[in-house]
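The values are calculated or read from the model by the stated rules, or taken from the named source; none is laboratory data. Here the structure is a predicted model, which is why all the values come from computation and not from measurement. Every residue, glycine as well, gets a Cβ built from its backbone with ideal geometry; the counts of neighbours run over all protein chains shown. The area values use the complete protein model at the heavy-atom level, side chains included, leaving out ligands, DNA and RNA. Shrake-Rupley method; radii C 1.70, N 1.55, O 1.52, S 1.80 Å.
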Amino acid sequence: MRTLFHSMSHSLVRSSFPPMTLDALPIELLHKVIAFLDIDDVLTLRQVSPYLDASTYDNRSWKRIYSSSRFPRPPLPSADHSRDTLERILRQSSAVHRNMIVAPKLSSTRAIQVSGDRSPLLLGGRWLLTRSPKQILCRDLDASPAAEGDRFPPSVIYQPENGSVGAFTCAEVTGYDGKHHAFIVFIERTTSLSVVVLQMQGGCNASLHRPYFKEIYRRQGPSRFVTTEWDPPSVVEAIISPSALLITWSSSRYRYVILDIDTSQEVRRSPEGVVVPPQLDNIEDHPQVDACVPPECFSQSYSLTSSHLLVVRTYTETTASEGRSEKTRIDATPLAALIGAERTPPSASFGVVDGTLRNLRLLRDSAVDLETGMSSVFVLASRENESRLPDSPPTLVAARLLIPSAASTAPISIQLIEIEGMSDFTSSSLVVPPSVNGSTRILYSDEGTPWHPKFEVGALAVVHDEDTGAVRCTANTVASSVRFFGGLEAENKRWSLVDADPIRGRVCFVEDELNRRARRNSIISMVHICDFVEISSPMYT
């Protein structure tokens, strides 16, 4: 009887009330529903009816759609960003995901011959930077091809009066105010060695055919011939966050300097001794500071969040119970203690985890618990294979760092997170762009050589789910999309992935060919530019 009554009741309900559809919802309620959709769902919804199409243009809904998107994008929207801007960015990032990850498909390819430089850089997804000993050159990849001659004629953006340009790199970030910051960092060799920083003026969407750079910082070292005090650096690295720029250069000792990107002022530099962690001048000189800081440190690197400077050190520890094992220690110093009018002596908290972690890259920026003051940060890192087999590539892992407040003496909690969908992933080369909102695209390659001529390029989409805390990955090889280039498996050629802009869908790799016909063997380099979507307008402001 109960079953019959239940069935009759539902029949009466179905016959008394027409089915509810989205078209029947009030516009205010519909806006709330649309705010929880992603960009692809919104574009599909517009095809249903004119009423639903008209309901998808609410600015407040788009800010929610943008902030919760699973696609890589610049940071959270500012009040100045219009609905058109947010939709354009998400449309392009969605198209990149479809053409780079889901079903690899190239939109266009170009090749540019360069001389003397195997390390071109991509700035703002638009400017291709190359260098020679006498100058730094820039090409606008968004410019219309020239009718004759060089399709992408270079412009000189820096030329030293005396001396030469050494190692160089670039860094860029979009701040939470929507402003884009871009820098070039390089070593200038004259009678002494100097670290020089150039800042782009006007943003990457300027209508000029060449960007304008202004020198904002120069740190001069001793004479270039006095190598015992300041060995010539072979590598310079720039690490950036929405609030600071950290520059390191390698020699017999690791040095760094931190700049406030809003004022371009130096806020901290390393002393002349070894600096690990920031509050110690020399580990070996301060063995009493902490028993967990042994002198057997064999690796040191840095990372930045919007709130902390992270110093990552790997070292070997020997105990009676475990024997010899490798550890990673992460120190976190609040940037508030370094940047601002009222600077305080820096105090760092630290945490230790088993194994070797390298190349930390930000995945989700600091989220502060207002009650405890604890900061939660998600990062990506390369973890060395514990088997220690020869030629065993590292694996990519995620980690959550719980950093206590400056007033707390608690250690940093380091929680390693296995990335779902990456159990079989290996690669010899990675391009890992940092992110602040939990999603990024990673380019990887197995680089071809005359002894192993197969060159493969692939892409990963890595997303942190803020609700569950899981980190997921979808991957697809894009090698089939670039294999049509002649000579991918030819002799006397070397292929290498050099840079990428995963938001705009632009990838650069270099083809080097040994020219044996020349009087002296020389290298001819071609930079290949691959676009996975049509670049119609600038991404950054």
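Things worth noting here:
- Annotation: D117 fulfils all but one of (1) modelled with pLDDT of 90 or more; (2) over 21 Å from E534 (Cα atoms); (3) open to solvent by less than 10 Å² (accessible area, probe 1.4 Å); the unmet one is (1).
- Hits in the stretch 243-273 (condition: outside any strand (DSSP E or B), of a type in the set (G, A, S) and either open to solvent by 10 Å² or more (accessible area, probe 1.4 Å) or modelled with pLDDT of 90 or more (or both)): S243, S251, S252, S264, G273
- Given (1) out of contact with any Asp or Glu (no Cβ under 6 Å at 6 or more places or on another chain); (2) over 24 Å from D512 (Cβ atoms), index of the condition S132 fails: (2)
- Of the strands (runs of 3 or more DSSP E) contained entirely in the stretch 166-242, those carrying at least 1 residues that are closer than 23 Å to Q265 by Cα and at pLDDT below 85 fall at 192-201, 212-223.
- Of the strands (runs of 3 or more DSSP E) that lie entirely inside the stretch 443-541, those containing 2 or more residues that are in contact with a helix residue (DSSP H, G or I) (Cβ under 6 Å, 6 or more places away or on another chain) and modelled with pLDDT of 80 or more span 456-464.
- T44 meets each of the listed conditions (1) touching a helix residue (DSSP H, G or I) at 6+ places or on another chain (Cβ under 9 Å); (2) farther than 27 Å from Y176 by Cα apart from (1).
- Taken as a whole, the structure leaves R88 outside the set of residues that are over 30 Å from R139 (Cα atoms), part of a helix (DSSP H, G or I) and open to solvent by 30 Å² or more (accessible area, probe 1.4 Å).
A quick yes/no check of all residues on (1) at pLDDT 75 or above; (2) small (G, A, S); (3) surrounded by fewer than 20 Cβ atoms within 10 Å (Cβ to Cβ):
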{"site": "E322", "(1), (2), (3)": "no, no, yes"}
{"site": "S325", "(1), (2), (3)": "yes, yes, yes"}
{"site": "I330", "(1), (2), (3)": "yes, no, no"}
{"site": "L335", "(1), (2), (3)": "yes, no, no"}
{"site": "G340", "(1), (2), (3)": "no, yes, yes"}
{"site": "P346", "(1), (2), (3)": "no, no, yes"}
{"site": "L362", "(1), (2), (3)": "yes, no, no"}
{"site": "D365", "(1), (2), (3)": "yes, no, no"}
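- Of all residues in the stretch 91-105 being hydrophobic (A, V, I, L, M, F, W, C) and open to solvent by 40 Å² or more (accessible area, probe 1.4 Å), the one that is modelled with the highest pLDDT: V102
- Within the set S55, S67, S61, the sole residue that is in contact (Cβ under 8 Å) with a residue 24 or more places away in the chain, touching a His at 6+ places or on another chain (Cβ under 6 Å) and either surrounded by 14 or more Cβ atoms within 10 Å (Cβ to Cβ) or on the phi > 0 side of the Ramachandran plot (or both) turns out to be S61.
- Residue within the stretch 290-308 that is at pLDDT 85 or above, in contact with a Pro (Cβ under 8 Å, 6 or more places away or on another chain) and within 30 Å of L137 (Cβ to Cβ) present: no
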